[in-house]
Each structure stands twice: as C-alpha cells, then as structure tokens.
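Report on one structure; see the data block that follows.
The values are calculated or read from the model by the stated rules, or taken from the named source; none is laboratory data. None of these values were measured; they are calculated from a predicted model. Note: ideal-geometry Cβ built from the backbone for every residue, glycine included; neighbour counts use all protein chains shown. All accessible areas refer to the heavy atoms of the entire protein, side chains included, with ligands and DNA or RNA removed. Shrake-Rupley method; radii C 1.70, N 1.55, O 1.52, S 1.80 Å.
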Amino acid sequence: MRKPNKIVKIIKLSFTYMFLSIVSFICVFPFYWMLAGGTSTSNEVSSGNISIGSNLVENYRILVEQSDYLRAFGNSAFVAILTTILALFISSLAAYGFEIFKSKRKSKVYGVLLLTMMVPFAALMIPLYKVVIYLELSNKLISVVLPAVATVFLIFFFKQSFIKFPREIIQSARIDGANEFRIFRSIVFPAMKPTYAAAAILTFTASWNNFLWPLITLSSNELQTLPLKISILSSSYTPHYGVILLSIVIATLPSIIVFFSLQKYFVAGLTGAVK
Amino acid sequence: MKKVITLLFVAVLILTLSACKGKDADFSDGKITIWAWDPNFNISIMNTAKGIYGDDVEIIIVDMAKGDLETKLHASLSTDGDLPDIVLIEDYMAGKYLSSYPGKFADLSDSIDHSKFIPAKVAIGTFDGAQYSVPFDSGVSGMFIRNDLVTDADVAAASIAGVTTFAQFVEAEITWDEFIAVGQAYTARTGDAFMANNFADGGLFRTILNSTQSWYTNADGDFEFNGNPGVEEASRIYKEIYDAEVMFNGTSTEIYKAATDWATWVDPLGNGDVATVTTGVWISGTVKSTTANSGDWTVMKTPRADITGAVNYSNLGGSSWYVLADGDVDESVAFLKAIYEENQDNFYDTILINNGAIGSLISAASSTAYTANDPFFTNTAIWNDFALWSALIPAIDYGFYTYEADEALMNAMPAFLDGTSSLSTFLNEAEVAAKSKVE
C-alpha cells in the first residue's frame, strides 16, 4: 500500500514544481529579456534576439553622453531619499498621534483622511500644481518632494502597527518623566524598525518611479528625473531599443537594492512589528 | 540611537535647505525657453538654429517626450503654470490648443510674413482669421520604392495606361488601385510583401484622406464619416489592400506585411521584406540608415484616391512653432523670424543635410542642397521633388479632434476589413464612437 502512495506523492510534487517553474519563468523572463536587451543593439532587440549581446559598453556610452542620464539619476536619488526620510518621519509621528492620544474628534478626522485615499491623483494634480505655483516652488526638486511627505496611506500603515504596541510601556515611560517625543524616539521607534523598513521600501519605490507629478512640476532639462528621461528616450522617431532597455535596467537597480537590503524586515513589517 | 536621530535631522535639514535655494525657474528675461520633442530631429534642428542665431540671447531647449509635452502643456495652460516662450505643436493638435486656450498664444499675423510659407501649413496655424504658427517641418508624403526589387514585368502586369516599364512607373501619377495591381504582380512573382501596414494605425488612412482634399469633419467642424467621400474612399482602399491576395507557390499570399507597431513597420524597410513605403518625408532618415541599400531606393508621387478632387500630393504629420503670449514674445519672434522666415546662414540647407528635414519656407527649395542629386536615391533630386510636392498639398482644416476620430475609426476597422460590417455600418459605428469621445 505504501508504494502507490509514494508514487502519487511524487506525481503531485512534480506537478506542483512544474506549475511553479512555469509561473517563475513567466515572472522572471521579462526581466531577463530587459537585461539581454540592454546589452544588444537596436536591431538585435527588434528582431527578437533574447541572448546576451555585446553592445553593453556602447549602449552605456550613448546613454550617458546623449541623455544626461547620470544627472537625472542624481535628481531621482535626491527626490526619493529626501521623500522617504521626510515621509517616514512625518507620517509615523501623525500615526502615533492618531493611535496613542485620546480625543473625541480623532476618529472623525482620521475617517476624512482615509476618504481622501479614494481620490485619484489625476484629480488632485491641477489644484496641487496651482498651490505649487502660488508658493513659487514650481520647477524645483522640492516641489516633487513636498506633496509626498504626508501620505494617508503611510499614516494608515503606521497606525495599524502602532495598535499592537503595548500601552504599558508608554505609560511607564511617562511615569518616568519622558516627554512624548522622547517616548516616540527612544521607545517606539526602535521597536518598530521592521515597520519603518517596509514603509521605506514602499515610499522609496513609489517616489523613484513617480512620473506624472514630476512631469507637471519640473520644466528644465537639468531637473528631469529618471522616468522622464526614459520616456524621452522611448519617444524618438528612431528609438534605440538597446539604450532604452539599459536605461530601464539601471533605473530598476536602486529599488532592487533598497528592497534586498531591507528584505529581512519587510515581511515582519507587513505582518506587524510588535509580537 | 540619539546620535542617529540627530544625524538624520541634520541631514534632512541640509537637504531641505539646499533644495529650497535650488535653481530658479528658467523663465526670466533675456532668455528664450523652448519645449520640443525628439532629440534626433526637432531638438537637434533647434540646436542648429540656436548655433546660427548666436549668443546674444540665451536659448534653453527643453527636451520632452511628445505625449509628455502635450500633457504638461495642457496642465500649464489651464493653471497659468510654467510655460515656455516657444513650443512645438503637432499640426493635428494645433486646432485643439488654439481653440481651447484663446489668448494664450501670440498672434503672429503681423510679425511673420506667412505668404513666404507653403499655404497648407499656414492654414493649419490659422484660427479665427489670425495666424499663430511659424510653419516648420513638412510631412509631405511620397512613395519610396525599391528599384532593384520591382521589375518592368510587375509594372506591365498592372495594365496602367501609358506605363509599361519601371522607369515610366516612377514618373507616373498612379491611383491606389494601380498600386495594388503592381503589388499583386510583385507578390505573385516573389512571394514577398509589397508594403507593410499596421491596420490599427491611422497613418496611411490620413495620408489617403488628406490627398482627397477632405478630413474627418464637415464644414461645421462636426465629425462626418458616413457620406464623407474622402473617408469612404480611404476605407475602401484600406479594404482593397487588405483583401488583395494572390497565389504564390499554390498558397494564397497577402501583398502586405502586417505590422503591429513602429518597429515591425520600419524594420522590413531595411531588410528587403517590403518593396515600398508610402508615408511622410521624415521616413527618409530611417530608409537611409541601412547604408547597404544605397542606390536601391527611388521616390515617386503618392498614389491617388479614385474620386473627384483627389491629387497625388499628401501629408502625414509635421509640426510648427507657436509663441506663448505670456512669454518673451518680441525676443521669440525675432529669433524665429531670423531663422525660419529669413533662412539665416542657409539654415534650411543645414537641417536638410543633417536631419533630412523639409522645411515649409517656399524659397528654401531653390537652394543648392535641395536641388542636389542624392546618390542614395539613384542620383535623383528627391529633396527638390518633395519641396515642390509640399507646395501642392491640399490645404485642410484639421479641426480639433483628429486623434479622437482616428482612434474611433481604427477601433471599428477590423469588423469592416474581415467583412462582418458593411461600409456604412462601420462608418456609423465609428462616427458615434468618435462623437462620444468629445462630448
């Protein structure tokens, strides 16, 4: 009786692995194609060649010389890093306030905030641009950063993980004479590192890939971010596919690096930092 | 931990402050800011203009993708946001901008002498009797054909009156039906496609339509597809091409190669998979990029639709410069006038040689660069031909919503091509869809 069971198990397993292999292939193949394309000439890409080519250095030279790509990379890095730091700081403080302090109107305000999540950015874009113009911030990198530093999603995200934070610790710290900011800084923040890591990954990636808002608010070549540069590369009458794909490969790297360096915290952060 | 937090704060503070005192906007006096797209064509051409004009005025050319520029321009025009002094607008979009944002573009009727430019281009930038554009590149069309692939026998098989050889064919003014007949002979002999076409793209459709002296709209500016002779004829020609199959080695073979995007449309031009392409002159750069084909290509006039009023001259694409009323109008007009109207330092010769760009200034066509023979195109003066043809393009009022009409027609087209919709059903459906897009 044992033998047929084993066979059935092996068959089931092989089906599982086969299915998983196919799904993995479907997921990984576009990335591989992008990498292979980045090393190929335009003709090789458009003829459907999927092997690693020998044009990487030439593609990189064209990319850097013709499109001011490194400056755009610097602009994107500046915007994404500053946005991530400010957004984490401001949104987590707001979430702390919403969760820890007692107030009658708190839940109403929070409800209104959550409602704003339903409004698509395209609807907010024009009024937001008017505000930026009024404040004389248009065509400055800070105009890309500021609208992203207080996001309702991040407040919601932090608040959800603060729910589980033991109030006794906060209360005993208060008894010991610590002020609220000290409690936040020395007790809550260290315990919530996984949440911060997860939020950092989400914010950094969103900011790094942001396209529409930088397009509207930035108007000079020197300030363009990477997604804008890639869009320009793709829209020429004679597009150079190898260079375009290489630019996308390079643009993908920082998000991947940020993700893998914070990966061990990421899952813990999503499932709740405090156990 | 305290140190980390302090460091974090200092870092944020420094970054924020440095960002705040960052670069000021580019839009101040003594500078001309220009928005355009395509670094290899428009941007490169404007850089040539900038080099010729000298350093008296600082000219800043901002490079954007075409679609991005349009999004940004709409946002800035509707919010009084950052705007350039000069902007490039595609001809099909000009009517929409001029009608949607009255007063935002400078009236150039008195400052630019529009009689020096080809009439079809001037008509595009004219709104409510005022001229707003400085006409730029022409999208004059032609039929590029491989003289090493198409033979006298292919031409003779098509029974075109007075045309029996390839040499006579390239000089002739043919109809689309004659084009299809030669294509059938060519494909039946070689098994190769005569042309490539993306039937979901309206490029060829617009080329045919423009040559019939009509557009998607009636005199009131409303969409009119059904009963519009130009649209009906262009649809008929699309279907004729789609249905023109011949037998090759016992199998039914189409005379076209189906393209799905730009790359699959352009690639066959280099590798000999197709023998012709009928489109705007701007394709010449792509055709010439395969240097091995030098001497194998010839250019002839665009085939003609078979209805009254149709001509062998047409246009696809092209764009013009517009000056923003809130910008530095005087400086901008002085610059555009010197380069584009007065042809300073033979500007048009330079951009023809460097970029394959045919301008819209009539007098430029008589210069040496235009009249020279091009060895790539069997030593013929194709640039002179294009310049002459561009002056004969029917002047069309493109209205406000070319792309909306285009999309509606191309979405409904497959049912017409495969025979499930009649011509009138197809055009009715497309007309309803187009109207719903703009209401």
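In chain B, the inverse of the mean reciprocal separation of distinct Cα atoms equals 23.6 Å; this is its Kirkwood hydrodynamic radius. Using a probe of 1.4 Å, the accessible surface attributed to B:ASP220 totals some 130 Å² when neighbouring protein chains are kept in position. Considering only A:ARG71, A:ARG61, A:ARG105, the Gaussian network model of chain A with Cα springs below 10 Å gives its largest mean-square fluctuation to A:ARG105. Legend: calculated FRET efficiency, A:ARG174 to A:ILE257, from the Cβ-Cβ distance at R0 = 56 Å, rounded to 0.05, equals 0.90.
A dipole drawn for the protein assembly as shown from +1 and -1 charges on Cβ atoms has a positive end, and of A:ILE163, B:GLY285, A:GLY242 the residue lying farthest that way is A:ILE163.
If you place +1 on the Cβ of every Lys and Arg and -1 on the Cβ of every Asp and Glu, how big does the dipole about the Cα centre of the protein assembly as shown come out, in debye to the nearest 20?
On the way: 48 positive and 71 negative charges, 1319 e Å.
That gives a dipole near 6340 debye.
Mind running the shape call on the protein assembly as shown? Use the C-alpha gyration tensor, a ≥ b ≥ c as the square roots of the eigenvalues: rounded below 1.5 for a/c, prolate if a/b tops b/c, oblate otherwise. Intermediate results must be reported in sequence, preceding the final value.
Numbers: a/c = 2.21, a/b = 1.58, b/c = 1.40.
Prolate, because a/c is 1.5 or more and a/b exceeds b/c.
For A:LYS164, the aspartates and glutamates whose Cα falls under 17 Å of its own Cα, not counting residues fewer than eight places away in the same chain, are A:GLU99.
Scoring B:103-109, B:83-89 by mean Cβ neighbours within 10 Å over their residues and listing the highest first yields B:83-89, B:103-109.
Count the net charge of all other residues whose Cβ sits under 15 Å from the Cβ of B:TRP389, scoring Lys and Arg as +1 and Asp and Glu as -1.
Numbers: positive: B:LYS121, B:LYS301, B:ARG304; negative: B:ASP137, B:GLU171, B:GLU173, B:ASP385.
Local charge sum for B:TRP389: -1.
Sorting A:MET118, A:MET192 by accessible area puts them as A:MET118, A:MET192; the probe is 1.4 Å, largest comes first, and only protein heavy atoms count. At a Cα cut-off below 18 Å, give the lysines reachable from A:LYS106, other chains included and same-chain residues fewer than 8 away excluded. By straight Cα distance, A:LYS106 reaches A:LYS159.
Using a Förster distance of 51 Å, how high is the FRET efficiency between A:GLN160 and A:SER47, based on the Cβ-Cβ distance and rounded to 0.05? Result of the calculation: an efficiency of 0.55. Around the amide H of B:VAL140, modelled in the peptide plane, lie the amide H atoms of B:VAL281, B:LEU316, all under 5 Å away and 5 or more residues distant in sequence or on another chain.
Let's test the formula: R0 of 56 Å, r as the Cβ-Cβ distance of A:LYS12 and B:SER289. What FRET efficiency results, to the nearest 0.05? Step by step, r from the Cβ atoms, then E = 0.50. Comparing mean-square fluctuations of B:PHE248, B:PHE41, B:PHE199 from a GNM of chain B with C-alpha springs under 10 Å, the top value falls on B:PHE248. The H on the amide N of B:ASP63, modeled in the peptide plane, is under 5 Å from the matching H of A:ASN221, each at least 5 residues off or on a different chain. The ellipsoid that matches the Cα gyration tensor of chain A has semi-axes, each √(5λ) in whole angstrom, of 40, 33, 16, with the longest given first. Counting only Cβ charges, +1 for Lys and Arg and -1 for Asp and Glu, the dipole size of chain A around its Cα centre is about 1700 debye. Against the empirical 2.2 N^0.38 Å (N residues), region A:189-244 has a Cα radius of gyration ratio of 1.60. Ordered by solvent-accessible area of protein heavy atoms (1.4 Å probe), largest first, the residues A:GLU44, B:GLU70 come out as A:GLU44, B:GLU70. Once the mean of 1/r is taken over each pair of separate Cα atoms and inverted, region B:277-362 shows a Kirkwood hydrodynamic radius of 16.1 Å. For region A:248-264 and region B:273-322, compute the distance between their C-alpha centroids and round to whole Å. Each part reduced to its Cα centre gives a spacing of 46 Å.
Mean-square fluctuations from a GNM of chain B, with a 10 angstrom spring cutoff on Cα atoms, peak among B:ALA157, B:ALA275, B:ALA120 at B:ALA157.
With a 1.4 Å probe, how much accessible area is buried between chains B and A, both sides summed, in Å² to the nearest hundred?
Values: alone 18540 and 16760 Å², together 31840 Å².
Protein heavy atoms only, the B-A interface buries about 3500 Å².
The spacing between region A:58-77 and region B:84-130, judged by their C-alpha centroids, is 35 Å.
For B:LYS66, the lysines whose Cα falls under 16 Å of its own Cα, not counting residues fewer than eight places away in the same chain, are A:LYS229, B:LYS96.
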